[in-house]
Amino acid sequence: MSMNTIQGQLFKSMLVSGSNHLSNHHHEIDALNVFPVPDGDTGTNMNLTFSAGVKEASALKSEHIGEITKVLSKGLLMGARGNSGVILSQIFRGFFQSVESKKEISALDFSEAFVKGTDIAYKAVMRPVEGTILTVLRESSKDTFEYVSKQHIVSIEDTLDFMIKRAKVSLENTPNLLPILKEVGVVDSGAAGYVAILEGFKMAIEGNVAVLNETNQEFEGVQSRIENEEFGYCTEFIIKLSDTVIKNFSESDLRDQLARMGDSLVVVQDDDLVKVHVHTIRPGDALNLGQRYGEFIKLKVENMQEQHEHLSVIQATQVKKKYALIAVAAGDGIQALFKEYRVDTVISGGQTMNPSTEDFISAIKQLNAEHIFIFPNNSNIILAAQQAESLLEDQDIRVIPTKTIPQGLSACIMFNPEVDVKENIHEMTEAYHHVKTGSVTIAIKDSSIDGLQISENDYMGILDKHIVVNSPDKMKTIKDLLEKGVSEEDGLITLIIGEDAIASETDEIVAYIEKTYKNCELEIQMGNQPVYPYIFGIE
Amino acid sequence: MSIDKATEFGNIKISAEAIATLAGGVVTECYGVVGMASQKLLKDGLAELLGKENYSKGIVVRETNKQLEIDLYIIIGFGIKISEVVLEVQKKVKYVLEKTLDTKFKSINIYVQGVRVIS
């Protein structure tokens, strides 16, 4: 049977078919998503958008196409999700404007409406990016309109056939227009979604309206309801029927009453127990009704909107990264510095406050990465990190045994997400071995270490693990420490200023270093670390 | 204000102006955004629509506590779901800037200065 016009009834089933066909393929479309941001949600967004619009449109009693598309366009606007969803809403806004006054539409009207849709869709962006849904829409609509205009009589089937063929050619060409697609070896995801909708339309014209795949059905059902903010609570309870009720209890009566409150209804009776599951916006009413029949054995009410949002948060974080970095540091300046160097998690700790193995494990569990590098940045913490490594056997964890902050920083700088684990370890190890660390702190008691007699309140200069100088004079300690630490091959001194540093002293140190070590570049970082007013990285 | 980096070959400085221009270019490709606007509203409460060469006037790059922030003053087309457009702009700008500059941005703030009817 060939048709020359589309009536309201058919148009609605085209929409439903388009929506179902898109929904059945949305996972594949998600997988194509690399532009504008590779977050793999295009299919899902388009599906949610289109099904929101179609749901509104198909609920409409009218069979006037102008009215149907009006409701569709409104529904799409309100339900728009993501970039592709917004574009979709604009296409059908234009479509609506073109067929507004028409009760039924011919092939020419149909193809013209898409041309108008193209116009509107293009107007909403200053610099359209080609190689996307916009390109496929424009090329297929324009050519189809020209094709239809030239024929005397053309059936709807032929029109859609032509449009889909043209759209597919255009879709295949998207990688040639948008380099990122070619690089990854995919076609544009939004455009693929658009083609899926057109294919759904065609299936309806041919008399086989696309049906939702079983696996998608429940998921889709929940999603589209949430879109409309109806039936917001998943309500479940089990009632033990009281003796008086049990004789006259009718499962179908209860079901009928609950059906008025919501949907996704399940009522099951087993002897004196009745289990009820319903999605409703007024869970209280459902519970009141249930209570009339007997006592609750179990109750559960969950906000599906929240769940849904929570779910999307989890999904967003569940994209597995190749690498993640964990560093241990104290002082907000140093912590920020590590973050800047692409460290994902900075565990607070250092001298005198060592993080536990448990701290490492919980940090590791929050990260979702194939390989995790840990920078303990203190010799006392390396062990805890290594324990975490041995406890979590199914996770690839590499502890880079950095003993000081400067070592950790220079190892992090060498991290390269593009190369493999082995090379990273090699580069990072090489980097931190080259760094000498000097630090200055105050002695809290008299002692004799490394052949030095140290009195209480003396300043001590520590080079890597050893106390090398001490003096009651802070500046002298620093100068002597630098003298021992800096050799001729060194070219960079990093000064990390602690929370106890005094500005005037800092200035003095900076001036001294600049004057004395002319061959070295000086880098100053606000570390705000406790205990050590100054830490020097020398390399 | 600028992004400073050092590589083994030398130092790199990327100015706020350069970042703003880059961000401006990205915004023009964002679906639903039909223009950039000035930050200050004119006397009658309307935002000045900026010409192409002035896009960076509608963009402010800031550094607070060593973290980069960017403000974008935009105009959105009528009949488009603003909340989605804004979210997509934030996502895309953040993605492109972080990818091309290899630097983290703490926040991408969007100010919708107007809605324009597109006929």
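None of the figures in this text is laboratory data; all of them are computed from the coordinates on show. This structure is a prediction, so every number in the text was calculated from the model and none was measured. Here the Cβ is made from the backbone with ideal geometry for all residues, glycine too, and neighbour counts use every protein chain on show.
For this structure, a couple of remarks:
- Taking other C-beta atoms within 10 angstrom as a stand-in for reagent exposure, A:Thr280, A:Thr402 fall in the order A:Thr280, A:Thr402, fewest first.
- Charge dipole of the protein assembly as shown (Cα centre as origin; +1 on each Lys and Arg Cβ, -1 on each Asp and Glu Cβ, all else neutral): 1980 debye, rounded to the nearest 20.
- Ranking of A:Ile444, A:Ile205 by neighbouring Cβ atoms within 10 Å, starting from the fewest: A:Ile444, A:Ile205.
- Entry note, chain A: the mean residue ellipticity at 222 nm calculated from DSSP H runs of n ≥ 4, each adding -39500 (n - 2.57), is -17000 deg cm²/dmol after division by the residues and rounding to the nearest 500.
- Selection from A:Ala511, A:Leu495, A:Gly485, by position along the positive dipole direction of the stretch A:436-538 (Cβ): A:Gly485
- Under the Karplus curve 6.51 cos²θ - 1.76 cosθ + 1.60, θ = phi - 60°, whole-Hz ³J(HN,Hα) for the stretch B:84-89, x wherever Gly or Pro sits: 6, 4, 4, 4, 5, 4
- Environment charge at A:Tyr233 (Cβ cut-off 9 Å; Lys +1, Arg +1, Asp -1, Glu -1): 0
- Net charge of Cβ neighbours under 14 Å - reference A:Leu181; Lys, Arg +1; Asp, Glu -1: -3
- GluC sites (Glu not before Pro) restricted to DSSP loop in the stretch A:414-486 with at most 13 other C-beta within 10 Å: A:Glu418, A:Glu456
- Here the simple spin-label model places points 7 Å from the Cα toward Cβ, and for A:Asn303 and A:Lys150 these points are separated by 5.9 nm.
- Space enclosed by the convex hull of the alpha-carbon atoms of the protein assembly as shown, per residue, Å³: 230 Å³
- In order along the stretch A:502-508, the Karplus-derived 3J(HN,Hα) couplings, from 6.51 cos²θ - 1.76 cosθ + 1.60 at θ = phi - 60°, round to 10, 4, 5, 5, 4, 4, 4 Hz, and Gly and Pro are given as x.
- Cα-based shape type of the stretch A:388-436, given that a ≥ b ≥ c are square roots of the gyration tensor eigenvalues and the cut on a/c is 1.5: oblate
- Among B:Ser38, B:Ser107, B:Ser56, residue whose mean-square fluctuation peaks in a GNM of chain B (springs only between Cα atoms under 10 Å): B:Ser107
- From least to most packed, judged by other beta carbons within 10 angstrom and beginning with the fewest, A:Leu522, A:Leu265 follow the order A:Leu522, A:Leu265.
- Potential lengthening between A:Leu452 and A:Thr357 on full extension [0.36 nm per residue; Cα-Cα distance subtracted]: 30.7 nm
- Under Karplus coefficients 6.51, -1.76 and 1.60, residue-wise ³J(HN,Hα) of the stretch A:363-368 in Hz, glycine/proline x: 5, 5, 5, 6, 8, 10
- Too-long pairs where the Cα-Cα distance tops 31 Å, listed order kept, from A:Lys150/A:Lys182; A:Lys70/A:Lys202; B:Lys52/B:Lys104: A:Lys150/A:Lys182
- As a length-normalised measure over Cα pairs under 8 Å and 6 or more apart, the relative contact order of the stretch B:27-116 settles at 33 percent.
- For the stretch A:335-402 versus the stretch B:1-78, the inter-centroid distance based on Cα atoms is 37 Å.
- Whether the stretch A:320-433 is rounded, prolate or oblate, judged on the alpha carbon gyration tensor where a/c under 1.5 counts as rounded: rounded
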